[in-house]
Amino acid sequence: MSTENAPREKGPVAVVTGGSSGIGAAIARSLARRGWQLVLLARGEERLIEVASEVGAEHEACDVADRAEVERVAKAVRERHPAIGLLVNNAGIPGGGGFLDLDPEQIEAIVRTNYLGSVWCLRTFLPALEAGAPADLVNIASVAGTIAAGYSGPYSASKHAQLAFSRSVGVELAGSGITVHTIIPGFIDTPGFPNRSRFRTRLLQGLVAGPELVAEQVVRAVERNRLEQFVPRWYRPAAIVQATAPALLARAARAGAVRRKRK
Ligand SMILES: NC(=O)c1ccc[n+]([C@@H]2O[C@H](COP(=O)([O-])OP(=O)(O)OC[C@H]3O[C@@H](n4cnc5c(N)ncnc54)[C@H](OP(=O)(O)O)[C@@H]3O)[C@@H](O)[C@H]2O)c1
């Protein structure tokens, strides 16, 4: 744990998982600018220490996929901060393959990190959120959790599960003083998901946003009590197509897959 560069004025405490890179680091920067005291969690300490010292945060090395470790770390954080105002479940890993080609261990890691990690973090930080109520929980889901078009199936399934967790637990916590917000980003360019280099044409690269946009929407969701937000907004119709015309989407995705296999 590091407390160097601690903020001079003490605002409420926010815990951000995956705060050492990409979207989590952008969220940490946005929250720090608004005076939040931050505790950043991630596995690798090098990047974690770098971002933590930049924004004046505390940090804890923690693998959110490891339930015992999450309990141990959350206990240590709760001893320093018995009340927290915000938990951001952001830690996540990409899939990079399908159900039939990824190693079983990779599929398990995706589920443990992207879905169960959010569950364990909420459960272990819940007493601190209750003590800090009114408080907020933000889950960083994904457009891949609203549509399943074949590519990166295990990742998409983990994000479907996390989205269902987020929506369900929002109801479980109704009236508790803890508001649950679900942020649903599309393609965002980050170290873990280098989406800009993935697309060749300028048109497709235009689909990719920066992590700062997600951070802005996280802050806006909390400040304006928005429960669910696609980032950018225009990804929402994709979820509508999945829900209203699933067979059409399945036919188009399968035809695309066959074309790719023939190439
Ligand atoms: N980028 C996109 O296009 C996109 C779109 C939709 C949703 N999302 C979601 O946004 C979140 C952040 O992704 P990102 O794009 O910012 O990726 P990123 O740049 O790779 O950042 C991921 C962060 O999560 C941490 N992390 C990964 N596994 C962890 C674990 N088991 N325990 C604790 N921390 C862990 C990483 O640090 P360590 O590796 O050191 O642990 C890092 O800080 C993910 O949940 C992702 O699914 C991303």
Let's test this: bin the Cα-Cα distances of region 16-158 at 5 Å from zero up to the farthest pair and state each bin's percent. 2, 10, 19, 22, 20, 13, 8, 4, 1, 0
Hypothetical label at residue 201: residues of region 207-249 whose amide nitrogen lies under 13 Å (7 Å Cα-Cβ projection): 207
Using only Cα atoms, what Kirkwood radius does region 13-262 have, in angstroms? 18.5 Å
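Using a 1.4 Å probe on the protein heavy atoms, what percent of the accessible area of region 211-263 belongs to carbon and sulfur?
56 percent
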What fraction of the DSSP beta bridges in region 13-262 is antiparallel, stated in percent and rounded to the nearest 5? 5 percent
Mean-square fluctuation check for the chain, GNM, Cα pairs under 10 Å: which of 83, 32, 68 is largest? 68
Using a 1.4 angstrom probe with every protein chain in place, what is the largest-first accessible-area order of 244, 201, 190? 244, 201, 190
Who wins for biggest fluctuation among 204, 126, 102 in a Gaussian network model of the chain, springs between alpha carbons below 10 Å? 204
Per residue, accessible area of region 13-262 with a 1.4 Å probe, heavy atoms of protein chains only, in Å², comes to 49 Å²
When the chain is treated as a Gaussian network with springs between alpha carbons less than 10 Å apart, the largest mean-square fluctuation among 220, 67, 29 is found at 220
Spherically averaged projected area in nm², based on the convex hull that wraps the Cα atoms of region 190-263: 6.9 nm²
Can you figure out the FRET efficiency of residue 243 with residue 45, using R₀ = 51 Å and their beta-carbon distance, to the nearest 0.05? 0.75
10 Å binning of all Cα-Cα separations within region 111-155, expressed as whole percents from 0 upward: 22, 42, 24, 11, 1
Check the straight Cα-Cα distances from residue 75 and name the aspartates and glutamates below 20 Å, setting aside those fewer than 8 residues away within the same chain. 45, 58, 60, 63, 66, 130, 136
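The values are calculated or read from the model by the stated rules, or taken from the named source; none is laboratory data. All figures in this text were calculated on a predicted structure; none of them were measured in a lab. Note that each Cβ is placed from the backbone with ideal geometry, even for glycine, and that neighbours are counted across all protein chains shown. With ligands, DNA and RNA removed, areas are computed over all heavy atoms of the protein, side chains included. Shrake-Rupley method; radii C 1.70, N 1.55, O 1.52, S 1.80 Å.
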